[in-house]
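What follows is a set of notes on a single structure, which appears directly below.
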Amino acid sequence: MIPTKRNRLIQLPVDSDIYALRNMIERCFNKLKNARWLATRYDKTADNYLGFIHTVSIRLWMREFVNRS
């Protein structure tokens, strides 16, 4: 859930932990979209597309893993 604006009369409660996870997932999707092949979806079959998502995800994960050591 996205936090409500400050000037709204009825403020809805927001769980900050869930919002942080949502933010992390959105950032991951943005990084995935930086791969041109994924953003334009050249693959015709769902299996090939899913395989490319896995490949790009592993590449992103390895970049984070290598930089932390």
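The values are calculated or read from the model by the stated rules, or taken from the named source; none is laboratory data. The model shown is predicted, which means the values in this text are computed figures rather than measured ones. We place every Cβ from the backbone using ideal geometry, glycine too, and count neighbours over all the protein chains shown.
In region 23-35, the qualifying residues are those that are touching a residue at least 12 places away in the same chain (Cβ under 8 Å) and under 27 Å from Met1 (Cα atoms), and the one that is surrounded by the most Cβ atoms within 10 Å (Cβ to Cβ) is Leu32. Here Thr4 passes the criteria (1) outside any helix (DSSP H, G or I); (2) at pLDDT below 80; (3) surrounded by 11 or more Cβ atoms within 10 Å (Cβ to Cβ) except the one numbered (2).
Among the residues in region 36-50, are any on the phi > 0 side of the Ramachandran plot and surrounded by 10 or more Cβ atoms within 10 Å (Cβ to Cβ)? Yes; the residues of region 36-50 include at least one that is on the phi > 0 side of the Ramachandran plot and surrounded by 10 or more Cβ atoms within 10 Å (Cβ to Cβ).
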